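Visitor: Encoded as C-alpha cells, here's the structure I'll be asking about.
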Ligand code: ASP
C-alpha cells in the first residue's frame, strides 16, 4: 500500500513538473517574435515563408495549450466531478448515522463550524495585515497608471466580466444578497434540482436531516443504513481508480496553466502582490494551521501534511476543492488517520464553506487594488474587508476562479462604506491574468484547512464507540 502510494506521489510530482516545463515551452513558442533567419537580402517570397512558418508554429503552440485544458478536463476533472454529488450525499449520511445521537452530532457540528470560522478569520486577518504592511500596490505612479489602463482591456469581454454582470443583472452583489443566498442554500426546496445543479451545501443539509431520521428509525431503517455504507464503499473504490489518472490530469492542467500565463508573469509589475499572497498562504498553511493542529491533537502536523500529499497536489493541479473532495476523503481516511465519522462530516462541508486560502487572498487582493487606485484604507474599511472577505470565502464555490468573482462583494461593501465608487469593477482586470497561479496555491490551502479540521475533529469523533464515549461522554 505504502509502496503504491509512493509510486503515485512520484508520478504526480512528475506530472506537475513536466506540465510546468512543457507549458513554459509552449508559452514561449506562442509568444515568440516574428524572428526569422531571412535577412533583407533574401527574396520577399523566402521571407514570407519564414514568417508564415513562425506564425503557424505560434498557432500550433497556442492550440496545444487550449487542447490540454480540454483534455485535462476530460481526463481528470469530469471523472472527479462525477463523484461529487454521490460522495457528498452518501458520505454525510454515513457520517451522521454512525454518530447517531443528535446531541453528540450537535457538539461535533458546533466544533466544526467554530473551527471553520476561527481559521478563516485568522487567515483573512493575516492577509489584511501583510497587505497593509508591505503595500504591494504602492508602486511607481507610471507603472500604476499602465496597470490601470491595461486592467480595463483585460476585464472587458472576459468571462469574469460576463459572470459578474449576469449575476448583477439579476441581483446586485451586496452583502445582503450574499447572505440571503447562503440562507436559501441552507433551506433547500427541491433536492433533485440542487443535485442536478451540483450545489453541495443544500445536499449536505438534506443528507444531514435524512441521516438523523435514519439513525432514529432503529431496526426499521437499519438495512437502509447498511445500503448507504455499501454504496459509500463502492464509491471509494471508484475514487481509488480515478486517483491513478491524477498524474496525467495534473500534467495536462499544468501545461494549460503555465502555457497560458508563463513563468515570466511572476516577475512582472504585480510580482509584489503575488509574493504577498503566496507568503500569506505559506505562513497560514505551514505555521498557523500546523500550530492549531498540534495544540488540539498533539499529532505531528508535518507528518499529517505528508500523509495528505495526494490530496494537496490534486488541489494544486485542479484548482478546485470540490473536484478534489473525493481524493481528500480517500486520503484522510486511508492514510491520514482521520476517523470516518469526522472526515465524512467535516470534509464535504469544508470543501464548500471552509476556505482559508480564498479568505486570505480576498483580503490581500482587494486592499492591493485599492492601493493601486490610490486609496489607502483606514481601520474601519479594513474591518469591512475582513468580515466580507470571510463571507465571500464561505459563499465561494469550490471551483476555479470562484474567489475572483466573489471579490465583487468585498469591493462593493468597501465602496459603499467610502460613499463613492473608489474602486471600479474593471480593476479586477489587473489580477485576472495571474489568477490561475494564485488559485492553485489558495486551493491547496483550502483543502489543507479542511484536512486539519478533520484530523482535529477525529479527536472528539473517533470511530470506535468506547473512544467516542470517552471523548464526548
Ligand atoms: N478555486 C478555489 C477552490 O476551489 C476557490 C477560489 O477561487 O478561491 O477552493
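Visitor: Select, from 452, 438, 430, the only residue that is at pLDDT 85 or above and under 16 Å from residue 347 (Cβ atoms).
Guide: It is 452.
Visitor: Let me ask you something else. Test each condition in (1) part of a helix (DSSP H, G or I); (2) in contact (Cβ under 8 Å) with a residue 60 or more places away in the chain; (3) within 27 Å of residue 24 (Cα to Cα) for residue 413 and report the one that comes out false.
Guide: Against the list (1) part of a helix (DSSP H, G or I); (2) in contact (Cβ under 8 Å) with a residue 60 or more places away in the chain; (3) within 27 Å of residue 24 (Cα to Cα), residue 413 comes up short only on (3).
Conditions tested, residue by residue: (1) under 22 Å from residue 77 (Cα atoms); (2) modelled with pLDDT of 95 or more; (3) assigned to a helix (DSSP H, G or I).
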| residue | (1), (2), (3) |
| --- | --- |
| 253 | yes, no, yes |
| 272 | no, no, yes |
| 278 | no, yes, yes |
| 286 | no, yes, yes |
| 291 | no, yes, yes |
| 306 | no, yes, yes |
| 357 | yes, yes, yes |
| 364 | no, yes, yes |
| 368 | no, yes, yes |
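Visitor: Then there's this: Taking only pairs six or more apart or across chains, which ones have beta-carbon atoms under 9 Å, a first residue in the stretch 222-247 that is within 18 Å of residue 95 (Cβ to Cβ), and a second residue that is outside any helix (DSSP H, G or I)?
Guide: Note: pairs meeting the criteria are 224/217; 225/217.
Visitor: Please go through (1) outside any helix (DSSP H, G or I); (2) more than 15 Å from residue 456 (Cβ to Cβ) for residue 299 and return the number of the only condition it doesn't satisfy.
Guide: Going through the list (1) outside any helix (DSSP H, G or I); (2) more than 15 Å from residue 456 (Cβ to Cβ), residue 299 breaks only (2).
Visitor: From the list 396, 343, pick out the single residue that is buried (at least 20 other Cβ atoms within 10 Å of the Cβ), touching a residue at least 40 places away in the same chain (Cβ under 8 Å) and within 13 Å of the ligand (Cβ to nearest atom).
Guide: Answer to the check: 396.
Visitor: Shifting gears a bit: Just give me the residues in the stretch 399-448 being away from the ligand (no atom under 13 Å from the Cβ) and either in contact with a strand residue (DSSP E or B) (Cβ under 6 Å, 6 or more places away or on another chain) or on the phi > 0 side of the Ramachandran plot (or both), in sequence order.
Guide: 419
Visitor: Scan the helices (runs of 4 or more DSSP H) fully inside the stretch 137-241 and keep the ones with 2 or more residues being surrounded by fewer than 11 Cβ atoms within 10 Å (Cβ to Cβ) and modelled with pLDDT of 90 or more.
Guide: Once the helices (runs of 4 or more DSSP H) in the stretch 137-241 are filtered for at least 2 residues that are surrounded by fewer than 11 Cβ atoms within 10 Å (Cβ to Cβ) and modelled with pLDDT of 90 or more, what remains is 191-196.
Visitor: Pairs needed: first member in the stretch 179-193, in contact (Cβ under 8 Å) with a residue 24 or more places away in the chain; second member anywhere, in a helix (DSSP H, G or I); C-beta distance under 9 Å; at least 6 residues apart or different chains.
Guide: These pairs meet every condition: 179/391; 179/395; 181/395; 182/201; 182/353; 182/391; 182/394; 182/395.
Visitor: Working carefully through the options 451, 363, 461, find the one that is farther than 27 Å from residue 318 by Cα, surrounded by 19 or more Cβ atoms within 10 Å (Cβ to Cβ), away from the ligand (no atom under 11 Å from the Cβ) and in contact (Cβ under 8 Å) with a residue 24 or more places away in the chain.
Guide: 461
Visitor: Follow-up question, since we're still on this one. Which residues, counting only those in the stretch 133-158, are free of Cβ contacts under 8 Å to residues at least 24 places away in the same chain and either closer than 26 Å to residue 399 by Cβ or over 27 Å from the mean Cα position of the chain (by Cα) (or both)?
Guide: The answer is 140, 141, 142, 145, 149, 157.
Visitor: Of all residues in the stretch 313-323, which are crowded, with 24+ Cβ neighbours inside 10 Å and closer than 17 Å to residue 11 by Cβ?
Guide: 314, 315, 317, 318
Visitor: Go through the residues of the stretch 271-283 one by one and say whether even a single one is surrounded by fewer than 23 Cβ atoms within 10 Å (Cβ to Cβ) and over 20 Å from the mean Cα position of the chain (by Cα).
Guide: yes
Visitor: Identify, from the list 320, 351, the residue that is within 16 Å of the ligand (Cβ to nearest atom) and more than 17 Å from residue 86 (Cα to Cα).
Guide: Exactly one residue qualifies, and that residue is 320.
Rundown of residues vs (1) surrounded by fewer than 24 Cβ atoms within 10 Å (Cβ to Cβ); (2) out of contact with any helix residue (DSSP H, G or I) (no Cβ under 6 Å at 6 or more places or on another chain), yes/no style:
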residue: 252; (1), (2): no, no
residue: 269; (1), (2): yes, no
residue: 299; (1), (2): yes, yes
residue: 307; (1), (2): yes, yes
residue: 311; (1), (2): no, no
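Visitor: Another one. Whether any residue in the stretch 18-30 is surrounded by fewer than 17 Cβ atoms within 10 Å (Cβ to Cβ), part of a helix (DSSP H, G or I) and modelled with pLDDT under 90 is what I want to check.
Guide: No, every residue in the stretch 18-30 fails to be surrounded by fewer than 17 Cβ atoms within 10 Å (Cβ to Cβ), part of a helix (DSSP H, G or I) and modelled with pLDDT under 90.
The values are calculated or read from the model by the stated rules, or taken from the named source; none is laboratory data. Computed from a predicted structure; not experimentally measured. Cβ: placed from backbone, ideal geometry, glycine included. Neighbour counts: every protein chain shown.
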